1. Looking at segment 127-153, which of its residues are over 18 Å from the mean Cα position of the chain (by Cα) and not hydroxyl-bearing (Ser, Thr, Tyr)?
2. Can you tell me which residue within segment 231-277, out of those that are in contact with a strand residue (DSSP E or B) (Cβ under 8 Å, 6 or more places away or on another chain) and either of a type in the set (Lys, Arg) or surrounded by fewer than 17 Cβ atoms within 10 Å (Cβ to Cβ) (or both), is farthest from His214 (Cα to Cα)?
3. In segment 239-268, what residues are in a loop (DSSP other than H, G, I, E, B) and of a type in the set (Ser, Thr, Tyr)?
4. Looking at Leu204, Leu218, Leu226, which is the one that is hydrophobic (A, V, I, L, M, F, W, C), under 17 Å from Phe263 (Cβ atoms), outside any helix (DSSP H, G or I) and touching a strand residue (DSSP E or B) at 6+ places or on another chain (Cβ under 8 Å)?
5. Pairs please, first residue from segment 121-135 and part of a helix (DSSP H, G or I), second anywhere and of a type in the set (D, E, K, R), Cβ atoms under 8 Å, 6+ apart in sequence or on different chains.
6. So, Lys197, is that one at negative phi, charged (D, E, K, R) and more than 15 Å from the chain's Cα centre (by Cα) or not?
7. Which residue is surrounded by the fewest Cβ atoms within 10 Å (Cβ to Cβ), if the candidates are limited to segment 111-126 and must be small (Gly, Ala, Ser) and touching a strand residue (DSSP E or B) at 6+ places or on another chain (Cβ under 7 Å)?
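Every number in this text was worked out from the coordinates using simple rules, so none of it is lab data. Nothing here was measured: the structure is a model prediction, and the numbers come from that model. When we count neighbours, we look across all protein chains shown, and the Cβ atoms used for this are built from the backbone with ideal geometry, even at glycine.
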Amino acid sequence: MKFFDLHCDTATVMCAKKNDFSDTSMHISEKGLEKYEKAYQLCAVFTADGQGGSGFDYFCEVMDYFLPVAAKVKNLVPIVAAEGGRCIDGKVDNINILKDKYGLRVFGLVHNGKNELACGGATDNGRGLTETGKDAVRRCEELGIVPDCSHLSDAGFDDLVNICKKPFIATHSNCRSIYDKLRNLTDDQLKEIFRRKGIVGLNLFPDIICDDPHITDLLKHAEKMLELGGEDCIAMGGDLDGIVSVPRDFKDVSSYTDIRKMFADAFSDEIAEKIMYKNAARFFGAE
């Protein structure tokens, strides 16, 4: 089995711990990946919105540590992403450097707070992108870097709709109509992403699935996305190593085989393969 996941915090945690993929306490480890022929994983550097010092230097520190470690895992294909626009220190030209130096592919503008680029929904859902944030989105599109709307305020989402000429994505968000959390996307937002042929990664974070979730509760979010026309746009964005708790009956990355079977039983084998691999692989040109 191959899988393609749109968000994990493994790089950030691994750099902090100075460990590697032999550490089975991580959600993503070499042992957990043994089941898979190939694992394509977006690996985000999380830069806190209010982080002191240089967010740019911190991003480089994490990737300089993580990428050589990841290169030793033969069936892992790490794809570089940014979670939090503090990583550019308010300087749009730093996006070019991160692209050239690390191959940055996905750019999340904010976490739950606010920074030089944008406001997160948990802080002020009515405030969107700053002028620097708008310039950053334009620069990303020029460079072939995909803007990520996960964590962004609703006003920020509307700004992306107005600015972006190409598809944008939500790397790790669920459905607000299923579970009313600002971290989730409204039906209209989901339909807009699907209309643009972007992708949305289903998130395993219990706090945005339902109260006390079992892994099967993720089906409700997938089913709603299918109803909204997302068959070719749904993926996984598990948030592994970025979440403290997981849904019941989920262990670690090895459980993605169980999730694939769950989707196949509930929908079809074809749809399960699209969610677990094909949709994201097509979007990122990995097929």
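1. Result: Arg127, Gly128, Leu129, Glu131, Gly133, Lys134, Asp135, Ala136, Arg138, Arg139, Glu142, Leu143.
2. Among residues in segment 231-277 that are in contact with a strand residue (DSSP E or B) (Cβ under 8 Å, 6 or more places away or on another chain) and either of a type in the set (Lys, Arg) or surrounded by fewer than 17 Cβ atoms within 10 Å (Cβ to Cβ) (or both), the one farthest from His214 (Cα to Cα) is Lys274.
3. The answer is Ser245, Ser268.
4. It is Leu204.
5. Thr132/Glu116; Gly133/Glu116; Gly133/Asp159; Lys134/Asp159
6. When the stated conditions are applied, Lys197 does not pass them.
7. Gly113
Yes/no matrix, rows are residues, columns are (1) touching a His at 6+ places or on another chain (Cβ under 9 Å); (2) surrounded by fewer than 23 Cβ atoms within 10 Å (Cβ to Cβ):
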| position | (1), (2) |
| --- | --- |
| Glu141 | no, yes |
| Ser153 | no, no |
| Asn162 | no, yes |
| Phe194 | no, yes |
| Leu204 | yes, no |
| Asp212 | no, yes |
| Gly229 | no, yes |
